[in-house]
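**Q** Sharing a structure here in structure tokens format.
Each reported figure results from applying straightforward, stated rules to the coordinates on display, with no laboratory input. Worth saying up front: this structure is predicted, and the values here are computed from it rather than measured. Using ideal geometry, Cβ is built from the backbone for each residue, glycine included, and neighbour counts are taken over all protein chains shown.
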Amino acid sequence: MVNTWPCAVPDCYPVHMTQVEIVLRYAAPPTEAVTFALGNTREVYGIRRLCFDREAHTLRLEYDATRLNAAAVVQLVRSAGLQVIEEVQVALPPPAPEAAPAA
């Protein structure tokens with residue numbers, strides 16, 4: 001698996017986890033207290049990564065879907081104090097072209 005995150009850290013979790021990415025748009029930039037509270041959400045078993053895009057006002061999270069669902073992740077972010085506006089739909093990569101049948 002290639003790590004394409006803008007704030008990449010080495011992968012240190014087993015590969016058998018169901019990794020899901022969610023992108024949330026927020027209203028106001030996070031304060032220092034909110035940033036620390038969001039950092040503490042990584043202590044919740046299943047939250048793997050957090051990455052801010054301050055220009056786009058989005059927060060990208062990666063979590064283990066065998067332990068959490070999107071609603072629980074959004075609730076954790078909101079309880080940390082970040083004003084979530086919406087969940088941004090992440091575009092999926094285009095499907096691989098089908099191989100032509102051998103003649």
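**Q** What number comes out for the charge environment of LEU50, summing +1 per Lys or Arg and -1 per Asp or Glu over other residues with Cβ under 10 Å away?
**A** Its environment carries a net charge of +3.
**Q** Another question, then. Considering only the other residues whose Cβ falls under 13 Å of the Cβ of ALA37, what net charge follows from Lys and Arg at +1 and Asp and Glu at -1?
**A** 0
**Q** Can you sort ARG60, ARG54 so the residue with the fewest Cβ neighbours within 10 Å comes first?
**A** Fewest-to-most Cβ neighbours within 10 Å comes out as ARG54, ARG60.
**Q** If neighbour count is taken as other Cβ atoms inside 10 Å, put ASP64, ASP53 in order from fewest to most.
**A** ASP53, ASP64
**Q** With every atom except the alpha carbons ignored, what do you get for Rg and Dmax of the range 19-88, in angstroms?
**A** Every Cα atom of the range 19-88 included, Rg and Dmax give 10.9, 31 Å.
**Q** Then there's this: Take TYR45 and ARG78, extend 7 Å from each Cα along the Cα→Cβ direction, and tell me the distance between the two endpoints in nm.
**A** The answer from the label model is 2.5 nm.
**Q** How far apart, in nm, are two points set 7 Å out from the Cα along the Cα-to-Cβ line at ALA96 and at GLN19?
**A** Here the answer is 1.8 nm between the modelled labels.
**Q** Count charges around THR18 for me, please; just the other residues with Cβ under 12 Å from its Cβ, Lys/Arg as +1, Asp/Glu as -1.
**A** -1
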